[in-house]
Every structure is written in C-alpha cells, then in structure tokens.
Amino acid sequence: MRRDRAAYVRLPVLLSVLLVGSGLLVPASSATVSAQLPQASSIAGASRPEVHTSDRERHLASRPPAVHLPGRRAAPLAGTDEGRITGTVTGPDGRPLPKISVIVYAYDDTGVWYPWDEVSTGSSGHYDLGPLAAGPYRLQFFAPLTNYVEEFWRDAETVDSAATIRVKPDVESVADAQLARGAAIQGAITSVNGASTAGIEVRAYFWNTHTKTWDWRYYVASDSRGRYDMSGLRSGKWRIGFAYEDDTYYAQYWDGSPTLARATTIATVAGKNYPGHDARLSEPAVASGTVTDTNGDPAGDTNVYVYAWSASAQQWFLYNNEYTEPDGSYWTGGLEPGSYLLEFSDNVTLEREYWDDALTSTTAVQLRVHDNDEITGIDVQFSDGSLLDVVNTGLPTTTGVARVGQALAATSGTWGHAGAPAVAYRWFADGVPVPGATSATYVPAPSDVGQALQVQVRASSPGYTSTTAASSPRIVAAGSLRAVTKAKVVGKAKKNATLRVSPGAWSPSEVAVRYQWFAGAKAIPKAIRPTLKLVGTTLRTVTRKAISVVATVAAPGYNPVTSRLKVAGKVR
C-alpha cells in the first residue's frame, strides 16, 4: 500500500479493544500485535491433481482494524455517580507538552482493560477526562510525531502493568505524567532499479520479554526521498520491517532478511539516535506466454495455475491463479525468488498439462525466478492425446570439462523418427532451469559450483507429440583463475622507501586480492595493504631481513591463487 505523506500510527490503542462476543480480535496482554503473523488464505480451487496445496506462504497480514472509541458516555460500570481525571503532561525538562494523546481505559466484567475515551493536552499540557462513572481506570500517554516515549500511568510499559485510578463521585482525581525522550531509528530506502521509494511502510517490532515475541508497535511512511525516522522508541530490542503491504516491492527486514525471525536486532537506549538502518528493495518477477489449442488457435479463458515450492513443508502450493485473454496470452506477477510450476487447464476441452509438455507435476519443468525477472515465452500448445510420441533412442550427452568458465557442448541424442525432428535445448542446475540457457553450449557460472548440471533436449515433429530427454548430470567444479600479466613488487628495500604490489591482470578480470607482508618468515603485524612504507616500527622490523609479500587472488566460483613475491635487497 502506497502513502502520499508520512504517517505515524499508535498500535497499542488500535489493538487493545476486545470485541466481546464477535470473535474478531483477541489482543495480547500488552495490547500489541504478536510477530506470529497470520498467513493469507489459499486460493480457491487449490485442490489440483498431484500437487499438494497449502496457504500462500507470503509475508502478508491484514492491517489491524481501526478502533472507534465510544466517546463520552456513561461507562458500563457499577454506580451512577460521576467524577473526573485531570492532570498535566510535561517533558523531561519539566516543560508542558501540548497535543499529547491521553487515553483512558475502562475495566469490564471479563477482566479486560479497553480504551474508553481519548483527549489531547492543551497548550499548557493540561488535560481533562470526564465525566466518568465511578470505578477503576488506567491511563496511557502517547505523543505522535514526537520523540517522546509513550507510557501508561505510572511509568508503566503496558496497560496491564499500569497503576489504577479509582474515580469517586464528585471528585477530581489528578494524574500527572512526565514523558522521557525516546530513541530514534533512521535510514533511507532505495530500490534495485532506481524507482521511487516514497511512501514505503516501515514497521517497528519490540521484543516483549514477557511473551518472548516480537510485537508490532509502530509504523511510519518514508518521505519523498525514501528516508524514514522512527522516533519515540523506548530502550530495548527492536527490529525493523519494510514494504510489508506493498504491491511494488518485496517485504524485507533489516538487515536484508526475508523474515522477522531472522532479522537483525537493534538495541536502543532512550535519548539516542541510530541512523544508517537502510534498506534496498527489489521488485517481484513476472512471467508471461501464450496458450494455444491443438490446432494452434488461441485458447482464451484457460486457467493458468502457478505453484510455488515450500522448502519448509517440502511440497508445492498454489501461489497464483490467472486466466488467458481471448488471444491466448497470459501474465502472472508478484513472483518471489524461488522455483515454480505452471499448470494449464482448458475450461472447454478439459485438456490440461504442465509446462513444458508434461502431464504430471513430477515431470514438469521448474521455472526458476530471481529478483526483477521478466520471463517471457512460457508458451503452451495443448495436445489431443491421440498423437504418437517422438521416441528417444539415445540420451543427449555433454562434452567438455564441467568447470566454471569452461564451455560445455551438448549433443541432441538420437531419436526413432522418420526424418530429423526439430530439437530445442535447455540447461538445468540441480533440476531447475538456468535462465537464458537454451543453446547447445553453456558456460557454467560461479553460482553453478557444486550443482548437478544437465541438458534437456526437446524433440518435436509435425503430427507427433513432442518428447524430452536429459543427459546424465555432471557436478560443476570451481574454475581456475588465469594470470594475463604477472604480479610484481615495485620498489627496493631501503630506508623510507614505499613498496607497492602490482597485482597483475587476471581472467576473469573482477578479482579480489588479499595481501600479507613478511619480514623473513614472520608476518608483519597489520601489514595487509598493497603498499608498505619502510619507516618507524616497520623499518626496525624488516632491517637486515628478507622482505616478501603473499598475494592471494580470489573470485566467486574460482579456486584462489596464492603467490609469494620477493623484494630485492635488504634494509641495512
């Protein structure tokens, strides 16, 4: 959900009402939202052949319902006489605080404290609650859009731990409060593709030491430049979430975690600022294609079922359900990184199949999705089931060394068919299609290290049902870095000289180099830069000793290369 301006919402008040008898909301004792979030309901019609379905595993939860305070009416408590509660709210310096929300909680016969009325302090910091029926009450003081910590009377964290004020007939009870300055967590939100990050929802979760849960306390919206300032936080442990109910970006938690449970904790002390808690958001992927019938004509109004893999449940669950347009085209979005199956079901002919030309989920081709992917060409043509298959008589093979950076070539295999069938290639890593790898050759990437690489060949011919066959898997090994030019040390061993390492050029070109300088056989402490200045303590360490440097060149997916470079001469 996008917002046009910054917002700051008090959740304890919104969530502390117990809707008795309705079953709509049962708050925790601290009147906050537990981090145990509800899952969205599974899509209707999820019971499909051979695919287990479950609730959609996305970090989605309904926003807490707005609570309308009853207003100034006779409280539903015993007694008919009335009294008042008044007081003054000040800051830590004793100055009065205007526009502070003061919420009075009443007690019902079910043992629950619930918000009964709300007023704001005036310019003098004074408030007046009443008339109130005689009975017990508790107060909360909240300062939206300020850096003051909310509290319950007296200095309590929750309504259940607050002190009780007993209103007596025709008596004005005085309850003053002094609010402390809170901590502030700040940061900036950017996007992977440079799109606007204005109005992104940022949530703050507080660690509840009593329930041992992360409780959602507040949210703010980022400004026009993507910046946010979560202020008024009490001392303790906090976690921050971003884009929780946003259709444009994936939800994430600081620092880069997809779940609240794995987020990084920020320990705060009241009165201090904690800047630099930034987030970089990415967009969901989309996939599209065209569905045609057995004659090659558009198959409009065809069901497109998108299944996602649940690693925790070890099964496929229904993620999206789309329909094709009259021209047979379809589009499905909101795809998070992971593996997917696509099933197509014609509502007229009742034909169905999985992508790519599979009749069951176990033989279907998985679609691997990454951030911001726009996957096209996921096309399907239904078969009437009466055609003969193209028969494979010899499996495809791969030649070459299965190593990062070295090309592998595929053969199409042999097929028992009159005439040469048309063949198409698709490479797989650990059973998942490699994006864009659809030619007869493939160069393993660093991300393929340790994975089983295969090529799948699909053979087709007019009048026959297409058939696929796959090569034997081959485990991809780390690549070998190649020195284009050799590394060397520039400079000589003499007093006040600066030695510098030229790391040379490598293939691939993007490498990282680590250094360690030595005096004889002993490493020089803290000498890990590409330069070494022979002065002071370093000069005394290397005097009359052979100087050398060990350079280690590394790159993702490649075996590191280590070499020792000697420096000419010695310092006398």
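The values are calculated or read from the model by the stated rules, or taken from the named source; none is laboratory data. As the structure is a prediction and not an experimental result, all values here were calculated from the model. Heads up, the Cβs are rebuilt from the backbone with ideal geometry, glycines too, and the neighbour counts pull from every protein chain shown. Note: accessible area is taken over every heavy atom of the protein model, side chains too, but ligands, DNA and RNA are not part of it. Shrake-Rupley method; radii C 1.70, N 1.55, O 1.52, S 1.80 Å.
Under the condition of being touching an Asp or Glu at 6+ places or on another chain (Cβ under 9 Å) and among the aliphatic types (A, V, I, L, M), the residues counted in region 203-231 number 2. Scanning region 299-325 for residues that are open to solvent by less than 10 Å² (accessible area, probe 1.4 Å) and of a type in the set (G, A, S) turns up A299, A308, S310. Region 271-312 holds strands (runs of 3 or more DSSP E) entirely within its bounds, and those carrying 2 or more residues that are touching a Leu at 6+ places or on another chain (Cβ under 9 Å) and within 18 Å of A251 (Cβ to Cβ) map to 285-292. Might you let me know whether region 553-562 holds any residue that is more than 22 Å from G450 (Cβ to Cβ) and hydrophobic (A, V, I, L, M, F, W, C)? Scanning region 553-562 turns up no residue that is more than 22 Å from G450 (Cβ to Cβ) and hydrophobic (A, V, I, L, M, F, W, C). The condition of being surrounded by fewer than 16 Cβ atoms within 10 Å (Cβ to Cβ), among the β-branched types (V, I, T) and in contact (Cβ under 8 Å) with a residue 40 or more places away in the chain holds for only one of T110, T90, that being T110. Summed over region 519-562, the residues that are outside any strand (DSSP E or B), in contact (Cβ under 8 Å) with a residue 24 or more places away in the chain, touching a strand residue (DSSP E or B) at 6+ places or on another chain (Cβ under 8 Å) and among the basic types (K, R) give a count of 1. Summed over region 350-378, the residues that are part of a loop (DSSP other than H, G, I, E, B), under 16 Å from T465 (Cβ atoms) and open to solvent by 30 Å² or more (accessible area, probe 1.4 Å) give a count of 5. The condition (being surrounded by fewer than 18 Cβ atoms within 10 Å (Cβ to Cβ) and not hydroxyl-bearing (S, T, Y)) is satisfied by just one residue among G328, G289, G296: G296.
From the list G333, G338, the lone residue that is without any contact (Cβ under 8 Å) to a residue 60 or more places away in the chain, under 25 Å from L281 (Cα atoms) and buried (at least 18 other Cβ atoms within 10 Å of the Cβ) is G338. Of all residues in region 563-572, those being surrounded by fewer than 18 Cβ atoms within 10 Å (Cβ to Cβ) and in a loop (DSSP other than H, G, I, E, B) number 4.
Return the residue satisfying two criteria in turn: it lies in region 412-448 and is assigned to a loop (DSSP other than H, G, I, E, B) and open to solvent by 60 Å² or more (accessible area, probe 1.4 Å), and of such residues it is farthest from G557 (Cα to Cα). By that ranking, first place goes to A418.
All of (1) out of contact with any Lys or Arg (no Cβ under 6 Å at 6 or more places or on another chain); (2) open to solvent by 50 Å² or more (accessible area, probe 1.4 Å) hold for V490 with one exception: (1).
A409 meets the conditions (1) assigned to a strand (DSSP E or B); (2) under 35 Å from the mean Cα position of the chain (by Cα) in every case but one. The failed one is (2).
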